[in-house]
Amino acid sequence: MAERTHGGSGRRKPVPRPVKLRSRRVGESEHEGPLRWFAPVVVETYFRLAPRDSTAPTNGQWVKATQLARSYAPRAAQAVLATPGKDVWADRLRKFQERKAAAQATTEQPPVTPAPVVCRQVSWRSLGPRLVLDGQTVGRQPVAGRVTGIAIDRTGRIVYAATACGGVFRSNDGGTHWQSPMDQNPSLNVHGQHESVDIQAREFASSSLACGAIAIDPADPNRVYVGTGEGDTHKLFPKRIVDALPTFRGIGPIRSDDGGVTWVTEPTASDSPDLAGDAFFALAVDPHNRENVLAATILGLYQRVPKEGGGFQWVRRRPGVYSSVVVVSSGTTRRFFAARWGKGVFQSDDGRQWKRKVVGEGFPTADVGRIALGTQPANLDLLYAFVATKKGRVKGVYRLSSGVWKRLRKVPKVLPGSQGDYDLAIAVDPEDVNLIYLGGDRIDADPFSGSIWRCVVRQDGATFRVTRPKSIGRHAHSDIHVLAHTPGEPYALWCASDGGLFLNRNPRGNGRFESRNDGLSCLCCNFITQHPTDPNILFTGLQDNGTARTPQGPEWACVQGGDGGYCVVNWADPKLVLVFANGKVYRSTRGGSTQRSWSTIWKFDWVTMTQPIVSAPFNPASLGDADVVAVGAGDIVFVSTDFAASWPTQFTLPRRTGNVFALAFASSSRLFIGTTTGAVFRADWSGNKAKWSVMRLDEDVDGARLGLEGLITDIAVDWSDPDRESVYVAFGGMGDSRRVWRFDGTGWEARSGDPENQLLHLLDVEHNALVVDPQGPDNLYVGADIGVWHSPDAGRNWYVMQRGLPDAAVFDLQLHPTQRLLRAALHGRGVYEIALP
């Protein structure tokens, strides 16, 4: 991406002062929580790309799509978002593995075009965060990334964590340490067919790292089932934004028989809607038969059954959105209970035949949203339902008693953030039917940590009520997705949250949740920046975990809260640092090393989730350039010459050309801008006129116009041009594989690979970050939703650059200005680096 590790010489020390922008509440909504960050991610991923002069979405439609996504409106116009098939991610991953295999083959047989040296000789290595210290909890517990599911064996020592964007992790010591078994295995069998490694690599060598649910065989913890595609976030969209929108990287169910070392995809029956491209909420394994598994999914309630000719497949038993499924067993009897979103609870004795009517009498019928079920594994007579309203508030907790649902009175405020469709959890004490635990969004007080409540249930005649409700989640991160006991152990309660995993060893008493995140490297990194001379010092902006910093090594610390975005280190005076979070720019004059080292220097109603902040290029011959920074806010660009202490100049883009999404300085007096609708501008500073002059480049040029319209995610200067008139741009969205384009000062040309050889061409997925190597400007690097790619010939051919890198989405790339290190921010797997020659 455009170099962002820049910013101020320290020669001028004006007092920072807040700047209030004009009021622009574009895409704003009163609904907080996951929609504020996930809606823009979905819009950026699926915003439709189209050839220029076609019916490409306008900026107004871009704003409308984000606004609808954040405000729970019924639907966005179909013209705004692409409508790919549900198998889009399975298809893209398959094509990616074909290209990866081709790149790996260059070690034995060079292709026609010279292969990139870096792909053959060196590998990526992880820089962490292995965990983030000083997290956003009471007590500043260490945190990790978003965990959507947890499975614990009977001993409590073997634990699996399913993460939102980082795959499956396993601990063999009760969560003290973690490792990713998916990283150890380079391949994945297709539908259980045992093929050679070479064939696997060409067919489908990667499982999805986006997980929604996980379960194990109670008798054999090495048998693991995972539902890919995250139900907690995906439910925010199918019925509210567009129909058939594929979940991010969902490829259906996968299975491991050896503790996660190898994985097998399992197909959906031909007469059932395909689970590939959809999302899972929960899995339940039959304790009598581990091959019998039930899945609560976006598409309905599914059962795993034998298929003719061998193997297994998944058959839909009931349509609708099912948000919870549990199984109870006593002796030879077992029962499955499944909760349908907005409807009620259904029962089956075998998973195949389900009663047509809801279980029990008296279940609420009005204003019912998501439902979570709680029970004891061996108690056939106990069932709780935690019910949210359609708007995510607490509807109530209900207990099934003698065939009648009884509403518990005096349930605490578990969902002050009204996020019951995103996080809703319940657990029942393994030994006490009258002791339950409820999990929701957050405690409504700084630092807004986890909402987990211990509730003692008392029966008053024919009714039930909660007595002595106790908030016990303040030492855990907010947004509780799962609560689960170690089997049979009332003194071991786990919670899975947006900040990783936490364990309470005495939930019945005064126990506190303690972090179990060491090695759970699943942080969703958005952007990175780095110290100009010391390569050990880095910053990264994190989804829901603030901004983290490391002085060196894999342990990072949270130094700023909120949802972390762009960050900039001044390359002439590294004590000066800027970070963006939730509509504010923060400034530190002490290296940004602690949470107390920041002052707010800019407040505004932010337009895009992460406003771009960039600084002038690294230039030791002109230290004053380090003070020049620019910020994009809507259609306005603000420029500071004193590293954000003041903002003396600004300019506004022409109407209907989009919001600023990408910025790159060619020098301290030349700035390139890319927008949400595919407009590209060059701004030049005129000292004599004391203003910026703006020229449009995507259309008003002598040569060929830019061939696509859509979201420009990044822009990078072509350093081979001594006049600094040439740039590359990268596109997000979906609908065209021509993702990288070059402007030579007069016209545009696609630089996305050889159109005659798809193995050397980029994929039709969002490309998020773009780097041009100043020392060898024919070398381009691009980070995409699948992989990092390298072109040694200015974009004419592209090679997968993935050795040692997890197949997670790459949101940012940065080339260290002095150490020849390329760094990548992975959304779900932390920060990685590779040494360049």
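Observations, loosely collected:
- Phi-based couplings in Hz for the stretch 516-531 (Karplus 6.51, -1.76, 1.60; Gly and Pro marked x): 10, 10, 6, x, 7, 7, 10, 5, 8, 7, 9, 9, 9, 8, 8, 5
- The stretch 549-591, relative contact order [Cα under 8 Å, separation at least 6], %: 27
- Residue-wise HN-Hα coupling along the stretch 331-340, computed from phi with Karplus coefficients 6.51, -1.76, 1.60 (Hz; x: Gly, Pro): x, 9, 9, 9, 9, 9, 10, 9, 9, 9
- In this structure, the amide hydrogen of Asp812, modeled 1.01 Å from its nitrogen in the peptide plane, lies closer than 5 angstrom to those of Ala825, counting only residues at least 5 positions away or on a different chain.
- Straight-distance candidates among the aspartates and glutamates for linking to Lys689, with alpha-carbon spacing under 20 Å and chain neighbours fewer than 8 residues away dropped: Asp625, Asp642.
- For the stretch 534-622, the gyration tensor built on C-alpha atoms gives an oblate shape. Its axis ratio a/c (a ≥ b ≥ c) is at least 1.5, and a/b is not larger than b/c.
- Long-range HN-HN contacts of Trp748 with modeled amide H, under 5 Å: Ala704, Arg705
- For the stretch 705-832, the relative contact order works out to 17 percent when only alpha carbon pairs closer than 8 Å and six or more residues apart are counted.
- The 3J(HN,Hα) values that the Karplus relation (6.51, -1.76, 1.60; θ = phi - 60°) gives for the stretch 739-747 are, in residue order, 8, 10, 10, 10, 10, 9, x, 10, x Hz. Gly and Pro appear as x.
- Surface accessible to a 1.4 Å probe, His288 within the full protein complex, Å²: 90
- Calculated accessible area for the stretch 632-708 comes out at 36 Å² per residue, all protein chains present (probe 1.4 Å; ligands, DNA, RNA ignored).
- Protein accessible area in the stretch 317-474, 1.4 Å probe - carbon and sulfur %: 45
- In the stretch 397-450, inverting the average of 1/r over every pair of distinct C-alpha atoms gives 12.8 Å as the Kirkwood radius.
- Placing dummy labels 7 Å off each Cα toward the beta-carbon, the span from Ser599 to Gln552 is 3.2 nm.
- Distance in nm between pseudo-label sites at Val122 and Ser720 (7 Å out along the Cβ direction from Cα): 2.2
- Assigned charges on the beta-carbon of Lys, Arg, Asp, Glu; the stretch 428-566 dipole about Cα centre (debye): 480
- Order of exposure, largest accessible area first, which applies to Val326, Val694 with probe 1.4 Å: Val694, Val326
- Short-range pairs are left out: with C-alpha atoms under 8 Å and at least six residues apart, the relative contact order of the stretch 553-679 is 17 percent.
- Residues with amide H under 5 Å from that of Ile214, placed H, sequence gap 5 or more: Ile150, Gly227, Leu283
- Averaged per residue, the stretch 743-805 has 29 square angstrom of accessible surface, using a 1.4 angstrom probe with ligands and nucleic acids left out.
The values are calculated or read from the model by the stated rules, or taken from the named source; none is laboratory data. Worth saying up front: this structure is predicted, and the values here are computed from it rather than measured. Using ideal geometry, Cβ is built from the backbone for each residue, glycine included, and neighbour counts are taken over all protein chains shown. These accessible areas exclude ligands, DNA and RNA; they are computed on the full protein's heavy atoms, side chains included. Shrake-Rupley method; radii C 1.70, N 1.55, O 1.52, S 1.80 Å.
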